[in-house]
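Here's the structure, in C-alpha cells; my notes come after.
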Amino acid sequence: MAAAAITTSRRVRAFKRWMKSKGVDFSDALQFHDCPLQGISIRALCDLTVGDVVATIPKLACLTVRNTGARDLIEASSLDGTLALSVAIMYERSLGQLSPWAPYFSVMPYQESLPLVWTSEEVDRLLCGTELHKTVKEDQALICEDWEESIQPLLEMESFQLDPTFFCVQDYFAAKTLIASRSFMIDDFHGSGMVPLADLFNHKTGAEDVHFTSVSSHSESDSEADIDQMNGDKYDDNDSDDSEIEISPLGMKSSGESSSELGDEPSAMEMIMVKDVKAGSEVYNTYGSLGNAALLHRYGFTEPNNPYDIVNIDMEIVLEWSSSLFSSRCTRARVSLWKKLGFSGCESQEESDYFEISFDGEPQIELRILLHIILLPEDTYYELDSAVSTCVNSVGELKEGKGMFLLKGITKPSNDMFMNKSVGDTLLSVANIRESLYGSNSLEDDIEALEKCCCVRDKKLYHSLALRISERRILQKLRSYAAEAAHLRIGKRTSARKKPKKT
C-alpha cells in the first residue's frame with residue numbers, strides 16, 4: 001500500500017509540473033487528493049469565495065483534433081466529432097512518453113467504468129428492466145460498427161503506419177468512455193476536447209462550486225505554427241521543486257507567457273468559483289441536472305435521492321395493456337385519433353413514443369390523455385373522431401390549439417385533468433407491467449442487496465442497484481399518484497353533485 005501511495009504521489013507531482021510547462025495556471029488553494037481506488041479529486045486548502053479564478057487553461061494545452069499529432073490522419077480520413085477525438089486519444093496514447101500529453105494520461109484511467117464497457121452478461125444481469133438495458137446494448141453494437149467502418153481502415157493506411165495494438169476495438173471503447181465522461185466543448189475552432197485539470201473536479205447534482213467557461217467562443221489565435229510548436233515540444237520531467245514557481249498576488253502559479261497572449265483574442269478557459277467553499281471541503285463541478293440513468297450512462301455513477309430521476313413508459317407497454325382488453329383494430333384507431341389531435345410522447349432515436357414519469361410519480365399528461373381516449377365509450381369516441389375531421393386545415397392538419405379544446409373545451413391542462421377511476425386503474429396496470437421487467441427480485445430484495453454492497457469495490461453492482469431502486473420507487477409513487485388522483489377526482493365530482501343550488 002505504501003508503494004502505491006508513493007506512485008500516485010509521483011504522478012500528481014509530474015502532472016502539476018507538466019501543467020506549468022504548458023501554461024496552465026492553478027491556484028495554490030487547490031489540493032489534489034489522490035485515492036488509489038477512487039482516483040483524483042480536488043479539495044480546498046483554504047477558504048474559496050465566489051468570483052475566485054482558480055485555474056486558467058490554455059486551449060493549446062487541451063487534447064483536441066486541432067492540437068493532436070494525428071491531425072493530418074484525421075483530416076485525410078474525413079473524420080469528425082467523437083470519432084475524430086477518439087483517434088486523437090488513441091494516437092497520443094500510442095506515442096507513450098513521446099506524447100505531449102503523457103503526464104496528463106498518467107492521471108487518467110485507461111477507461112471509465114461506464115456500462116458501455118461492461119460485458120454483455122453484466123449488462124443483461126445488472127441493468128435488466130432499467131432505462132439503460134436496451135440503450136447500452138444498442139450503443140455497444142453501434143460503436144462496434146463505427147470501429148469496423150472508420151477505425152480499422154486507418155490501420156491499412158501505409159503512409160501513417162499506426163501501431164495496431166493501440167487502435168483495437170477495446171481501445172476505441174475506452175476512448176469513447178473518456179470522451180463521454182471527461183470532454184468539454186472548447187470552441188468552434190477546436191470543437192470538443194480533453195481539458196486537463198478541469199476534468200478532475202467531481203460532479204455533484206445541484207451543488208456546483210466551480211464553473212468551467214471559455215474566455216472566447218472562437219479564436220483564430222491558435223495558429224498552425226503554434227500547434228506545430230506545441231506538438232514538437234519535449235516534456236522535461238525533472239523533479240523541480242514547486243518553490244521555484246513564482247506566486248502571483250492572486251495566488252495563481254505563473255509559468256511564463258500565457259497562451260492567451262498568443263493572438264489578438266484570448267485563447268484560454270477559466271475555472272471560476274460560483275460558490276463559497278470552506279477549507280478542507282471538496283470542490284465540485286456539475287455535469288448538469290441529470291437523473292441516475294443519465295449519470296450512470298455517461299459518467300459511471302449514481303446519486304441517492306436524485307430529484308432529476310425519471311422512469312419511462314414505452315408505448316409498447318401501453319399497447320400491451322390495451323391488447324388485453326380491446327382488439328388491435330380498436331387500439332390502433334384510438335392511438336391514431338390521439339395523434340390526430342396533435343399529441344405525442346417523447347421520441348427516442350428509434351422514433352418510438354415513450355412517456356416520462358417524474359420523480360414525484362406524476363405521469364406525463366400525454367399518457368393520461370392517451371389512456372383517456374382509449375377508454376372512451378364507443379359513441380363518445382366516434383363523436384370526437386367526427387369533430388376532428390371538421391377542424392383540419394387545407395393540408396389535413398388539425399388547426400392549432402384545437403386538440404385540447406375538442407377534448408375538454410379548454411386550452412390549458414391542469415394536473416388533475418383526464419384522471420378518473422378507469423384511468424387510475426389503467427396506470428396501476430401499466431406500472432405493474434413496467435415493474436415486471438426487473439425480474440423476480442422485489443424492491444425490498446434490491447434494497448437489502450444495496451446495503452450489503454460497497455460502492456468502491458463493487459462499483460458496477462452498487463450503481464446498477466441504486467438505479468433499479470430509484471426507478472422502482474418512482475413506480476411506487478406512480479401507483480400512489482394513480483390511486484390518490486383518481487380518488488380525489490371522484491370526490492370532487494361527488495361533492496359537485498351534492499352541492500345545493502343557489503336560491
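The values are calculated or read from the model by the stated rules, or taken from the named source; none is laboratory data. Predicted, not measured: the structure shown is a model, and the values here were computed from it. Positions of Cβ are generated from backbone atoms using ideal geometry, with glycine treated the same way; all protein chains shown enter the neighbour counts. Ligands, DNA and RNA are excluded from the accessible area calculation, which covers all protein heavy atoms including side chains. Shrake-Rupley method; radii C 1.70, N 1.55, O 1.52, S 1.80 Å.
Taking 30 Å as the limit for the C-alpha separation, the pairs Lys176/Lys459; Lys59/Lys204; Lys137/Lys452; Lys20/Lys459; Lys204/Lys421; Lys452/Lys477 exceed it in the case of Lys20/Lys459; Lys204/Lys421. Put simply, when 117-124, 205-212 are sorted by average Cβ atoms within 10 angstrom per residue, most first, you get 205-212, 117-124.
Using a simple spin-label model with pseudo-atoms 7 Å out from Cα toward Cβ, Ser352 and Glu383 lie 3.6 nm apart. For Leu437 and Ser323, a Förster radius of 25 Å and the Cβ-Cβ distance give a FRET efficiency of 0.90, rounded to the nearest 0.05. Whole-Hz Karplus values for region 197-209 come out as 6, 4, 8, 8, 6, 6, 8, 8, 4, x, 9, 6, 9 Hz, taken residue by residue from phi with 6.51 cos²θ - 1.76 cosθ + 1.60 and θ = phi - 60°; glycine and proline positions read x.
Projecting label points 7 angstrom from Cα along Cα→Cβ for Glu451 and Met185 puts them 4.4 nm apart.
Residues Lys278, Lys421, Lys176, sorted by accessible area with the largest first, give Lys278, Lys421, Lys176 [1.4 Å probe; ligands and nucleic acids excluded].
The equivalent ellipsoid that matches the C-alpha gyration tensor of region 75-187 spans semi-axes of 26, 17, 13 angstrom, in descending order. Applied to region 141-153, the Karplus parametrisation 6.51 cos²θ - 1.76 cosθ + 1.60 on θ = phi - 60° returns per-residue 3J(HN,Hα) values of 5, 5, 5, 4, 5, 4, 4, 5, 7, 10, 8, 4, x Hz, with x for Gly and Pro.
Overall, the ratio between the Cα radius of gyration of region 16-108 and 2.2 N^0.38 Å, rounded to two decimals, is 1.30. The calculated FRET efficiency for Glu149 paired with Lys421, based on their beta-carbon distance and R0 = 41 Å, is about 0.15. If r is the Cβ-Cβ distance from Glu121 to Asp163 and R0 is 22 Å, what FRET efficiency results, to the nearest 0.05? So, using R0 = 22 Å, E works out to roughly 0.10. Given in Å, the Rg to one decimal and the Dmax to the nearest whole number for the Cα atoms of region 273-355 are 20.4, 67. Summary of packing: across the peptides 27-38, 438-449, 364-375, the per-residue average of other C-beta atoms within 10 Å ranks them, highest first, as 364-375, 27-38, 438-449. Per residue, region 297-392 exposes 50 Å² of accessible surface when a 1.4 Å probe is rolled over the protein heavy atoms with every protein chain present. Whole-Hz Karplus values for region 363-374 come out as x, 4, 4, 4, 5, 4, 5, 4, 5, 4, 5, 4 Hz, taken residue by residue from phi with 6.51 cos²θ - 1.76 cosθ + 1.60 and θ = phi - 60°; glycine and proline positions read x. Solvent-accessible area of Thr331, all protein chains in place: 10 Å² (probe radius 1.4 Å, heavy atoms, ligands and nucleic acids excluded).
The residues of region 72-225 have, on average, 42 Å² of accessible surface per residue, using a 1.4 Å probe with all protein chains present.
Computed with a 1.4 Å probe on the full set of protein chains, the accessible area for Asp146 sits at about 50 Å².
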